[in-house]
1. Rounded to a whole number, what % of the accessible area of segment B:86-223 do carbon and sulfur atoms account for, probe 1.4 Å?
2. Can you list the lysines whose alpha carbon is less than 26 Å from that of A:Lys18, not counting same-chain residues fewer than 8 positions off?
3. Show which lysines lie in cross-link reach of B:Lys221 when reach means a straight Cα distance below 19 angstrom and same-chain residues fewer than eight apart are skipped.
4. Let a ≥ b ≥ c be the square roots of the eigenvalues of the Cα gyration tensor of the protein assembly as shown; is it rounded (a/c under 1.5), or, if not, prolate (a/b larger than b/c) or oblate?
5. So which residue of A has the beta-carbon closest to the axis that swings A onto B, and how many whole Å away?
6. Per residue, what accessible area does chain B have, given a 1.4 Å probe and all protein chains present, in Å²?
7. What residues of segment A:50-89 lose no less than 30 Å² of accessible area with every protein chain in place versus their chain by itself (probe 1.4 Å, heavy atoms only)?
8. What does the buried accessible surface come to for A and B, summed over both chains, with the probe at 1.4 Å? Round to 100 Å².
Number of protein chains: 2
Amino acid sequence: MELEAATGSDRKRGSGVKLAYDVLRDEILDLVLQPGSAIDEVQLAERFNMSRTPIREALVRLAAEGLIQTLPNRSTLVAPIDFLNMHTYFDALVLMYRVTTKLAAQHHRSPDLALIKEKQIQFADAVKAQDALAMIATNAEFHLAIAEAGRNTHFVSFFKRLLDEGRRILRLYYQSYEDRLPHRFVQEHEDMISAIENRNLELAEELARDHAEQIVAQVQKLLVPGERLKIEI
Amino acid sequence: MELEAATGSDRKRGSGVKLAYDVLRDEILDLVLQPGSAIDEVQLAERFNMSRTPIREALVRLAAEGLIQTLPNRSTLVAPIDFLNMHTYFDALVLMYRVTTKLAAQHHRSPDLALIKEKQIQFADAVKAQDALAMIATNAEFHLAIAEAGRNTHFVSFFKRLLDEGRRILRLYYQSYEDRLPHRFVQEHEDMISAIENRNLELAEELARDHAEQIVAQVQKLLVPGERLKIEI
DNA sequence: TGTATTTTATTTGTCGACAAGATTTTCTGA
DNA sequence: TCAGAAAATCTTGTCGACAAATAAAATACA
């Protein structure tokens, strides 16, 4: 467990925060750290073999991203997953799928397309290998590559944040159900790539929406029995 | 200038960061701190009469929000305004105007509407008084109240961030041109309120888009002579 | 035995100090 | 005079320590 910090504190200056931030972030998103559980600064400092200062900075950054909650003068804890307002998350996610894909169809250049296709191959491999974790990761990378091709940094950063949060939900999903993993998504990705390549804005957006709604429906069927207010925008 | 920190360092525990964060944030958004200018931690520590630690935490938070940029091991500076990609900002802003207004028409409850109308009165007062700064602030509050009524925290936080960034641009706009301030916006706001109140989703969204496009066009006419790629979503 | 109050312990927010990088200045040699 | 190396200065990242705020434990009291 203490692999990341050897005894000798020979670390490059300024890499301390980044290390703590990256590791904690991954552990939160991969549900290694349980949502709602408390975080002990001193313990983390010992674990990473550094003082509390860089740990603190990492925590502040995570808090700014909404990954941890910090009660003033009291404990800081891993942000709980808001199951009650899950539908608002899905609304935001679907919208970003649509917008970024449409913009990609409009603004992409050749190197963008190469990267997108590369991510799609990685995603297909993950599906073939039935590797749920790799699927989650490569799927996010695929859609982020599309978003980047859309060339709107505001949408990209917002979308990235949503996808991160989604990692926890999907993780939960794949944790509870060992499912035949959706080969269907691979084909849908291919269709989206074609639409982007042909600069067919409407089709790209439509496919993105259907794709997103499909995933959302599947996740929601398993996680929340309750209703979702469907919103047309 | 040093009003915020008297000689006696009698400050409530934990209020240090908040103070520094709030003040710096306002100074950045109000263009008191020039975009691109350097930030000196030690100087700030002296000014706020506290050690570098809380200053540092405030800066980290500001950096997480994109309000300052921090070059590793080197200086940190006020985030420059990205005039080149301004159109991406406007695209995001217009979309959020539309989405939040539509959702407000769908999900608002009576107390929401009261708050929205209150903000609208304040906005109208600011227009009447020709107070540009108050206009910027109350306009943002008005639209944020609408967003809150839409009950999607993801959209709200994203929108809030965009409106903040907009403060700098609008500030620039009002700084250079002493204009007859747009009474027209007041009427448009009234129309939006009616649409929300009547739960007319389509009309609410349409009015929001027109309103946003109107503002964008006016700002863009003055700031960027270049073209804007108009995107239909 | 259960509740209120004091004591103790834990944890967080802040501080001053120090060292690693980076920047500027000074010095050297052509 | 100017380019390059060395030294001095400045700024940032990290550390250990301390004090305020909170939580937990212990005690007193009914």
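1. Taking all protein chains in place, segment B:86-223 shows 51 percent carbon and sulfur surface.
2. A:Lys119, A:Lys160, B:Lys18
3. Result set, ordered by chain and number: B:Lys230.
4. Cα axes put the protein assembly as shown in the oblate bin.
5. Nearest residue, distance rounded to whole Å: A:Ala64, 2.
6. It amounts to 50 Å² per residue over chain B.
7. Residues passing the criterion (a loss of at least 30 Å², heavy atoms only) are A:Glu57, A:Val60, A:Ala64, A:Asn73, A:Thr88.
8. Approximately 2700 Å², summed over both chains.
The values are calculated or read from the model by the stated rules, or taken from the named source; none is laboratory data. It should be emphasised that the depicted structure is a prediction, and the values quoted were computed from it without experimental measurement. Don't worry about glycine lacking a Cβ; one is built from the backbone with ideal geometry, like all the others, and counts go over all protein chains shown. Surface accessibility is based on the protein's heavy atoms, side chains included, excluding ligands, DNA and RNA. Shrake-Rupley method; radii C 1.70, N 1.55, O 1.52, S 1.80 Å.
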